[in-house]
Amino acid sequence: MPGQRYLAAFSGISLYFRPRRHLMTASGHRAEMTDRFAVRDQITATPGRPTTAA
């Protein structure tokens, strides 16, 4: 089943984007996620996340 293949692949990386937030501060969580998304962007050769205009 296609859904099974997706879940099998996703389960290997899902925890990477769900750090144990209850163990860190909000600023620490933001910094960690910024680093993790930067690594993801390098690996997948995708441009960075769009910024919001303020």
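Here are some notes:
- Ranking L23, L7 by solvent-accessible area of protein heavy atoms (1.4 Å probe, all protein chains present), from largest to smallest, gives L23, L7.
- S27 contributes about 70 Å² of solvent-accessible surface, heavy atoms of the protein only, 1.4 Å probe.
The values are calculated or read from the model by the stated rules, or taken from the named source; none is laboratory data. What you see is a predicted model, and the numbers here were worked out from it, not measured in a lab. Side chains are part of the model used for accessible areas, which takes the heavy atoms of the whole protein and leaves out ligands, DNA and RNA. Shrake-Rupley method; radii C 1.70, N 1.55, O 1.52, S 1.80 Å.
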